[in-house]
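The values are calculated or read from the model by the stated rules, or taken from the named source; none is laboratory data. In this text the structure is predicted, and so the values were computed from the model without any measurement. Because the Cβ atoms are built from the backbone with ideal geometry, glycine has one as well, and the counts that use them run over all protein chains shown.
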Amino acid sequence: MSADTKKGGLVLEDRLYTETHEWAKKIGDGRYQVGITDYAQDNLKDIYAVELPKVGERLEQFQAWGQIESEKGASELLSPLSGEVVAIDKDGLGDVFDTGETAKTYVYGGDLFNINKAPYETWLLEIETADESQVDNLLNPEDYRKAIASG
């Protein structure tokens, strides 16, 4: 059985990946959706909370921007690219958002989360970057498959 057909091993051809199991999908000129991989959600088990940056926040490539909480504990989320957060996925993640003055937005979903069911359809944020050459620092699907197969 190949790595992309095993449970948690689905890797899509239309995105790039980080060694820490985030994906980036180009959706426009300098604009990318970001989420976590099938491998990540499978290892995390049931995800029940996500800490998201605010729209307008600047992220740096491979730096932490939030965390994801699951039955396995909390894990940092790293940005695949540097750039500005231009949207968060309010539809895919449920509608329970902290609207206070906190630095981060917390989303609590329990069974409402689609991340475990559809990790590639459920994006967490959209980022706009002025430096698309950063994609050269990401893993292509073939290299990501090799990374999770040996991991």
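Take L81 and tell me if it is part of a loop (DSSP other than H, G, I, E, B), crowded, with 20+ Cβ neighbours inside 10 Å, modelled with pLDDT of 95 or more and under 16 Å from the mean Cα position of the chain (by Cα). In short, yes. Scanning the stretch 58-73 for residues being surrounded by fewer than 18 Cβ atoms within 10 Å (Cβ to Cβ) and more than 14 Å from the chain's Cα centre (by Cα) gives a total of 5. Counting only residues that are in contact (Cβ under 8 Å) with a residue 60 or more places away in the chain and closer than 25 Å to K117 by Cβ, the stretch 46-64 holds 7 of them. Annotation: R15 fulfils all but one of (1) within 18 Å of G151 (Cα to Cα); (2) surrounded by 21 or more Cβ atoms within 10 Å (Cβ to Cβ); the unmet one is (1). Can you say whether A130 is farther than 18 Å from E22 by Cα, of a type in the set (G, A, S), out of contact with any His (no Cβ under 7 Å at 6 or more places or on another chain) and modelled with pLDDT of 95 or more, as far as the supplied structure shows? So A130 passes the test. Condition test on Q41, is it crowded, with 18+ Cβ neighbours inside 10 Å, at pLDDT below 95 and of a type outside the set (G, A, S)? Considered against the rule, which asks whether it is crowded, with 18+ Cβ neighbours inside 10 Å, at pLDDT below 95 and of a type outside the set (G, A, S), Q41 comes out as yes.
Scanning the stretch 20-42 for residues that are of a type in the set (D, E, K, R) and in a strand (DSSP E or B) gives E22, K25, K26, R31.
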